[in-house]
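Read through the structure below, which is laid out as structure tokens, and then see the notes.
Each reported figure results from applying straightforward, stated rules to the coordinates on display, with no laboratory input. The structure displayed is predicted, hence computed values, not measured ones. In this analysis, Cβ positions are derived from the backbone assuming ideal geometry, glycine residues included, and neighbour counts consider all displayed protein chains.
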Ligand code: GLU
């Protein structure tokens, strides 16, 4: 499993954050109130309870979710997370962000999110497999390659996706089984996965930063950055940034906060964390400090790549970075955002900054549909093209309307959705 990140419950919920972002954008840009009413609610909210046999013979009951927010632009799309605090409102918020994200990236998808309320560290690999398969079975035909396509998210990975694909395909007749491979994306390369899907999200975070600096006539070389979360996104974003000469001076996970002004060796840190259930604690190439000092570290770029609502009124004023690149979904709450924008910090919003993942998913889905296999170079080029277009569009709207990047990204995403509704109308 990817790293489990835990933190104390935030003051506001992710749901409050996303609804507030939606209302603010609609109001400030004068968008139709009907659209707000449609988009403020989710189409379907599925809650499943299912029993699973544990290694010691006991039966445990689990709670799983799948929220399908909107599908005007195409099948529902979005990840599955395994986390002990996951509840329906989180899944709703995360599903809404997926709707904006896929729209902004120009993908033919809607938005969904789900997962299981579980601390995966407490279960053996065999138990996790049975839990995942039983959850898939419980969802039944509520997911499907042309209906709703899950993918990895916090604490799920390509192995989780392989189990889901296998379970889902096993419920179909042998004749048509292979037509269902793309019921999930983010699968291992050996069974229909896309070369490069593993690094796609982190690559997108890096590209957004590169494009931002380029637009200012600057380079990434010499820039200092800090990362919250050393899971898939945190690691790959750091990997690409360092390759361009930037320096990782601070990193935090649920277990430790590490600093090194000379730069943290990211590949060594990965080697250290892998055998320790992905914990960065005890790494010798950096010094450990108190976790509350993380956000105030001196740096140019802050990359929150863990959970939602981490940047709040409680810490936003202490943030030194001028650029916040949102690798996580919903890491900045309303008050935190106000404080950052008031001092002209640039926030590259999640729905743009971390969209490399779902863009990679789209290419995997296409590859499966067409029975093709693409090379990693081809894939990275395709991802780069889509991210660059989205970034340039957002920057253009932000300049033209003199608004922040999040509002600009929402404007673009919502306008596309609104256009689709205008064409199609409301049935009947
Ligand atoms: N979980 C990722 C996200 O939040 C990827 C979703 C997908 O690929 O469908 O964007």
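Per-residue answers, yes or no, for (1) out of contact with any strand residue (DSSP E or B) (no Cβ under 8 Å at 6 or more places or on another chain); (2) under 22 Å from residue 43 (Cα atoms):
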position	(1), (2)
108	yes, yes
111	no, yes
114	no, yes
125	yes, no
135	no, yes
142	no, yes
162	yes, no
178	yes, no
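Of the strands (runs of 3 or more DSSP E) entirely within region 275-339, those holding at least 2 residues that are without any contact (Cβ under 8 Å) to a residue 40 or more places away in the chain occupy 287-289.
Of 139, 94, all but one fail to be under 19 Å from residue 360 (Cβ atoms) and either within 16 Å of the ligand (Cβ to nearest atom) or part of a strand (DSSP E or B) (or both); the exception is 94. The single condition among (1) within 16 Å of the ligand (Cβ to nearest atom); (2) touching a residue at least 12 places away in the same chain (Cβ under 8 Å) that residue 366 does not meet is (2).
Just to be sure, is residue 145 within 30 Å of residue 249 (Cα to Cα), within 16 Å of the ligand (Cβ to nearest atom) and in contact (Cβ under 8 Å) with a residue 24 or more places away in the chain? Let's see the steps before the verdict.
On the way: within 30 Å of residue 249 (Cα to Cα): no; within 16 Å of the ligand (Cβ to nearest atom): yes; in contact (Cβ under 8 Å) with a residue 24 or more places away in the chain: yes.
Against the criterion (within 30 Å of residue 249 (Cα to Cα), within 16 Å of the ligand (Cβ to nearest atom) and in contact (Cβ under 8 Å) with a residue 24 or more places away in the chain), residue 145 does not qualify.
When the residues of region 154-185 are filtered to those that are surrounded by fewer than 24 Cβ atoms within 10 Å (Cβ to Cβ) and assigned to a loop (DSSP other than H, G, I, E, B), the one that is nearest to the ligand (Cβ to nearest atom) is 157.
Table: residues versus (1) touching a helix residue (DSSP H, G or I) at 6+ places or on another chain (Cβ under 6 Å); (2) within 16 Å of the ligand (Cβ to nearest atom); (3) over 22 Å from residue 212 (Cβ atoms).
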{"site": "325", "(1), (2), (3)": "yes, yes, no"}
{"site": "335", "(1), (2), (3)": "no, no, yes"}
{"site": "340", "(1), (2), (3)": "yes, no, no"}
{"site": "348", "(1), (2), (3)": "yes, yes, no"}
{"site": "353", "(1), (2), (3)": "yes, yes, no"}
{"site": "371", "(1), (2), (3)": "no, no, yes"}
{"site": "381", "(1), (2), (3)": "no, no, no"}
{"site": "390", "(1), (2), (3)": "yes, yes, no"}
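Per-residue answers, yes or no, for (1) part of a loop (DSSP other than H, G, I, E, B); (2) within 28 Å of residue 277 (Cβ to Cβ):
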residue	(1), (2)
187	yes, yes
198	no, yes
206	no, yes
210	no, no
226	no, yes
233	no, yes
